[in-house]
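Structure first, then comments.
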Amino acid sequence: MRSEPVQGAMVRYPSGSLVILTGLPGAGKTTLLQRLYGLHGAESTPVASGAVMVIDSSQSRRHWDGRLPWAPYPLRRAVVFITHLTRIRRALAGGQSVIAHNRGCGPYVLRGFAWLARRHGAAFHLLLLDAPADLAIAGQRARGRVVAPRTFARHERRWAGLVARVKNGDPAPAAGALIVDRAEAALLESIVFDGSGGNLTNGNFRITE
């Protein structure tokens with residue numbers, strides 16, 4: 001599904017939902033969270049914004065920076081991801097609404113998030129920030145952290161498959177999914193968890209199939 005940009009747009013979700021903001025590395029996910037929630041970019045713990053917990057995977061990475069100098073990179077990456085998942089689980093267990101950044105969009109990762117949401121009685125939604133590969137790579141360079149070409153190619157394949165499925169009306173394993181490009185994301189002014197039930201509602205975004 002696609003959204004047409006509307007000035008002052010918002011997206012609404014049921015209270016207590018888990019919303020995973022995902023996209024290619026460098027697409028602008030962290031930048032979007034910083035703008036919407038006033039993050040300064042140096043946080044090492046999740047940030048509460050009212051009843052919403054904002055959890056960026058970079059927060060877990062900063063928490064562990066310099067603390068595992070002996071560990072090989074794959075182990076450090078696993079520890080960071082487990083920390084990220086643990087923080088999401090704790091927020092859901094506490095009944096909070098969660099907006100969480102996660103760059104991985106492989107089927108097993110998404111099923112894991114879906115299972116986590118079900119376990120805590122939360123609705124699971126995807127917010128997909130769709131950026132062309134060249135812009136995502138430019139974003140990586142701008143932040144000073146570039147993904148290896150082979151790893152980025154794997155992300156591209158998985159991302160293309162997910163976007164194609166969502167455009168065809170299949171958000172599984174999420175209850176709903178919304179795709180926004182970078183221009184549309186720039187018009188987004190809020191993500192609201194307002195207690196309404198049912199699937200994702202579109203707020204001031206006009207959704208077109």
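The values are calculated or read from the model by the stated rules, or taken from the named source; none is laboratory data. Note that the structure is predicted; figures quoted are calculated from it, not measured. Note: ideal-geometry Cβ built from the backbone for every residue, glycine included; neighbour counts use all protein chains shown. Only protein heavy atoms, including side chains, enter the accessible area calculation; ligands, DNA and RNA are left aside. Shrake-Rupley method; radii C 1.70, N 1.55, O 1.52, S 1.80 Å.
Starting from the residue with the highest accessible area, list Tyr37, Tyr13 in decreasing order, probe 1.4 Å.
In descending accessible area the options line up as Tyr37, Tyr13.
Please compute the volume of the convex hull spanned by the alpha-carbon atoms of region 117-164 and report it per residue in Å³. List each step's numbers first, then the result.
Details: hull volume 5.8 nm³, N = 48.
That works out to 122 Å³ per residue.
In region 83-142, carbon and sulfur make up what percent of the accessible area (probe 1.4 Å)? It would help to have the intermediate numbers written out before the result.
Values: 1380 of 2620 Å².
The computed percentage sits at 53.
Taking +1 at the Cβ of each Lys and Arg and -1 at the Cβ of each Asp and Glu, which of Leu85, Ala172, Met53 sits farthest along the dipole of the chain towards its positive end, judged by Cα position relative to the Cα centre?
Going by the charge dipole, the pick is Leu85.
About the Cα centre of the chain, what is the dipole size in debye to 20, counting +1 per Lys and Arg Cβ and -1 per Asp and Glu Cβ, all else neutral?
Working: 27 positive and 13 negative charges, 182 e Å.
So the magnitude is around 880 debye.
What residue among Arg118, Arg62, Arg150 shows peak mean-square fluctuation when the chain is described by a Gaussian network model with Cα springs under 10 Å?
Arg150
For the chain, report the accessible area per residue in Å² (1.4 Å probe, heavy atoms, rounded to an integer). Present the calculation step by step, with values, prior to reporting the outcome.
Values: 10050 Å² over 209 residues.
The answer is 48 Å² per residue.
Rounded to whole Hz and in sequence order, give me ³J(HN,Hα) for region 176-189 from the Karplus expression 6.51 cos²θ - 1.76 cosθ + 1.60, θ = phi - 60°, writing x for Gly and Pro.
Each residue's phi maps through the Karplus curve to give x, 8, 10, 9, 10, 8, 5, 5, 5, 4, 5, 8, 6, 9 Hz.
Note down the accessible area of Ser49, probe 1.4 Å, to the nearest 10 Å².
Probe radius 1.4 Å; accessible area of Ser49 about 50 Å².
What is the packing order of peptides 173-182, 73-82, taking the mean over residues of other C-beta atoms within 10 Å and listing the highest first?
Values: 173-182: 21.2, 73-82: 13.2.
With the highest mean Cβ count within 10 Å placed first, the list reads 173-182, 73-82.
If each residue of separation counts as 0.36 nm, what is the full-extension length gain between Val146 and Arg67 once their alpha-carbon separation is subtracted?
Contour length minus the Cα-Cα distance gives 26.3 nm.
Taking the Cα atoms of the chain, what is the range of coordinates along each of the three principal axes, in descending order and whole Å?
The Cα atoms of the chain stretch 49, 39, 31 Å along the principal axes, largest first.
For the chain, modelled as a GNM with alpha-carbon contacts under 10 angstrom, which of Arg89, Arg61, Arg141 fluctuates the most?
Among Arg89, Arg61, Arg141, the largest mean-square fluctuation in the Gaussian network model of the chain belongs to Arg141.
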